[in-house]
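The values are calculated or read from the model by the stated rules, or taken from the named source; none is laboratory data. Nothing here was measured: the structure is a model prediction, and the numbers come from that model. Cβ sites come from the backbone with ideal geometry, for glycine too, and all protein chains shown count toward neighbours. Each accessible area value is taken on the protein alone, full model and side chains, heavy atoms only, with ligands, DNA and RNA left out. Shrake-Rupley method; radii C 1.70, N 1.55, O 1.52, S 1.80 Å.
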Amino acid sequence: MRSVLVKGAGVAGLTVAHELAARGASVTVAEIRSQIGGNASWLAGGMLAPWCERESAEEPVVTLGKVSADWWERTLPGLVRRAGTLVVAHARDASELARFAARTRNCESVDEEAIAALEPDLAGRFRQGLFFAGEAHLDPRRALEALVDKLRAMGVVFLFEAGEMALSDFDQVIDCTGIARADDDLRGVRGEMLLLRTRDVSLARPVRLLHPRHPIYIVPRADHHFMVGSTMIESDHDGPITARSLMELLNAAYALHPAFSEAEIVETGVGVRPAYPDNLPLVKCWKDGTITVNGLYRHGFLLSPAMAEQAAGLLFNSSAGNSSAGLESENEADRQWRSA
Ligand SMILES: Cc1cc2nc3c(=O)[nH]c(=O)nc-3n(C[C@H](O)[C@H](O)[C@H](O)COP(=O)(O)OP(=O)(O)OC[C@H]3O[C@@H](n4cnc5c(N)ncnc54)[C@H](O)[C@@H]3O)c2cc1C
């Protein structure tokens, strides 16, 4: 049986571990933290929104991402909510809605009445919007925890507070350490988020509020919680949320529905998204034989199933990691994959 060390227990590492264990590998997951959480994956919105994301992303995000809701549902039944995404804008920002519509597809225009039918609490607040019926969402924290439970039941071993490992004990190392990975092509994109709680608003699905400077989204969670996200700042600084970002996110939540002004602020969080120059993820095979799965940017839950399948396919269908011909530097990636 092939033994594989997966470094990092974010969404990339856990989805890779799942695909490997499902193919019969003996998998160990080593995580530097003391428990699941605290990483970028823990702070995500959990939107599985390939068509909305196309507004600012390239086509592979759609082709790779449109299978992800099925993967999550198949892997963790009952976790995915297929309620679509609603995109709205205030009348003064109607041009933002037109721009969004021009850059995306697989949606329908909705008027005030249709918006009220989808989200009764938004009745009378927005005259027009876009509805992406084919999109889905999940609670990322429940997904990560449920995935760990499932992996343990499949025989995957977890090592927390893991230090340097004896790599010779494993046939293969797959590095999924996100922004911590030494890779000159990677950069960090800081994302700040809030968790609010109020009984005064109900939403059935993620709602995106367009705005020329501060577009936001709100994702409903269990027990009257709402994830409000998020900033996109070119920085790998993971220090606390700034006053400016907190104000912008709160203002935008208030603009979506004034009742958010009375919500409890349950949590503020900051995650650093790992990104390659084109903001698309990559499976890379390095000279020392390590495979990396990284660069998931703002699409970790959306794209990690497809990338994990690619990494597992690489391991089981070829002699990946054995070739180092033509390399000039120790850190240079040998080959890289993103088939879409
Ligand atoms: C605010 C915010 C909102 C987002 N919303 C969404 C969304 O709605 N939908 C979506 O699809 N994506 C979303 N994303 C993006 C998504 O969260 C990221 O793409 C994803 O988390 C990246 O996952 P990762 O596993 O590569 O990195 P991480 O989650 O950072 O995991 C890397 C892990 O490696 C560990 N590690 C580091 N060094 C070592 C080492 N030497 N040995 C062992 N372990 C190590 C770290 O502790 C960490 O646990 C969002 C991100 C943010 C910040």
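What helices does the chain have that are whole DSSP H segments, at least 18 Å long along their own axis by Cα, and with mean Kyte-Doolittle hydropathy of -1.0 or more? Before the final figure, lay out each step's value.
Working: long enough: 140-153 (20 Å, -0.36); 243-256 (20 Å, 0.76); 300-317 (24 Å, 0.90).
The qualifying helices are 140-153, 243-256, 300-317.
On a C-alpha basis, how far is the centre of the range 75-91 from the centre of the range 1-47 in Å? Whole number, if you could?
25
What ranking, highest mean first, results for peptides 32-39, 265-272 when packing means the other Cβ atoms within 10 Å averaged over each residue?
Descending mean neighbour count gives 265-272, 32-39.
Would you work out the charge dipole size for the range 7-164 about its Cα centre, treating the Cβ of every Lys and Arg as +1 and the Cβ of every Asp and Glu as -1, and quote it to the nearest 20 debye?
On the way: 18 positive and 22 negative charges, 61 e Å.
About 300 debye.
Restricting to DSSP loop positions (anything but H, G, I, E, B) with no more than 12 other Cβ atoms inside 10 Å of their own Cβ, which trypsin sites (Lys or Arg not before Pro) remain in the range 105-137?
R105
Alpha carbon centre of the range 107-128 versus the range 187-262: separation in Å?
Taking the Cα centre of the range 187-262 as reference, the centre of the range 107-128 is 20 Å away.
Pull up the cross-link candidates among the lysines for K150, meaning alpha carbon to alpha carbon under 26 Å and not fewer than 8 places away within one chain.
Within reach: K7, K66.
Mean-square fluctuation check for the chain, GNM, Cα pairs under 10 Å: which of R74, R213, R99 is largest?
Among R74, R213, R99, the largest mean-square fluctuation in the Gaussian network model of the chain belongs to R213.
Out of the total accessible area of the range 167-255 (probe 1.4 Å, heavy atoms of protein only), what percent is carbon and sulfur?
Result for the range 167-255: 51 percent of the exposed heavy-atom area is carbon or sulfur.
Given the options W71, L118, H90, identify the residue whose Cα lies farthest towards the positive end of the charge dipole of the range 67-137 (+1 on Cβ of Lys, Arg; -1 on Cβ of Asp, Glu).
Result: W71, furthest along the dipole toward the positive end.
How many percent of DSSP beta bridges within the chain run antiparallel, rounded to 5?
Here the antiparallel bridges make up roughly 70 percent for the chain.
Whole number in Å², please: accessible area per residue of the chain, 1.4 Å probe, ligands, DNA and RNA not counted.
43
Output the Kirkwood hydrodynamic radius of the range 91-207, Cα pairs only, in Å rounded to one decimal.
Numbers: mean 1/r = 0.0511 Å⁻¹.
The answer is 19.6 Å.
Run the numbers on the range 1-55 and let me know its relative contact order in percent, using alpha-carbon pairs under 8 Å that are six or more apart.
Value for the range 1-55: 37 percent.
Determine the calculated [θ] at 222 nm for the chain from helices alone, applying -39500 (n - 2.57) to every DSSP H run no shorter than 4 residues and normalising by the residue count; nearest 500 deg cm²/dmol.
For the chain, the value works out to -8000 deg cm²/dmol.
Using a 1.4 Å probe on the protein chains only, how many percent of the accessible area of the range 1-72 belongs to carbon and sulfur?
47
Can you classify the range 12-54 as rounded, prolate or oblate using the Cα gyration tensor, where a ≥ b ≥ c are the square roots of its eigenvalues, rounded means a/c under 1.5, and otherwise it's prolate if a/b beats b/c and oblate if not? Could you put the intermediate results ahead of the total?
Numbers: a/c = 4.22, a/b = 1.37, b/c = 3.09.
Taking the square roots of the gyration eigenvalues as a ≥ b ≥ c, the range 12-54 is oblate.
Which value, in debye to the nearest 20, gives the size of the charge dipole of the chain about its Cα centre, when Lys and Arg are +1 and Asp and Glu are -1 at the Cβ? Intermediate results must be reported in sequence, preceding the final value.
Values: 35 positive and 45 negative charges, 120 e Å.
Using only the charged Cβ atoms, the result is roughly 580 debye.
Would you mind listing how long the range 35-138 runs along its three principal axes, going by Cα atoms, in whole Å with the largest first?
Here the Cα extents, ordered largest to smallest, are 45, 30, 26 Å.
Take every Cα pair under 8 Å in the chain that's 6+ residues apart, average their separations, divide by the length, and report that relative contact order as a whole percent.
23
State, as an integer percentage, the relative contact order of the range 26-176 based on alpha-carbon contacts under 8 Å between residues 6 or more apart.
Value for the range 26-176: 39 percent.
Using a Gaussian network model of the chain whose springs link C-alpha atoms within less than 10 Å, name the residue from M193, M307, M247 with the highest mean-square fluctuation.
M247
Which of I179, V156, G191 sits closest to the plus end of the dipole of the range 143-191, meaning its Cα is farthest towards the positive end, when Lys and Arg get +1 and Asp and Glu get -1 on the C-beta?
Projecting each Cα onto the dipole axis, the largest value belongs to G191.
Mind jotting down the three principal axis lengths of the chain based on Cα atoms? Whole angstrom, largest first.
Principal-axis extents of the Cα atoms in the chain, largest first: 63, 37, 36 Å.
So how exposed is D121, as accessible area in Å² (1.4 Å probe, rounded to 10)?
Spelled out: D121, probe radius 1.4 Å, area about 50 Å².
Using a Gaussian network model of the chain with C-alpha springs under 10 Å, which one of I179, I233, I216 is most mobile by mean-square fluctuation?
The residue with the greatest mean-square fluctuation here is I233.
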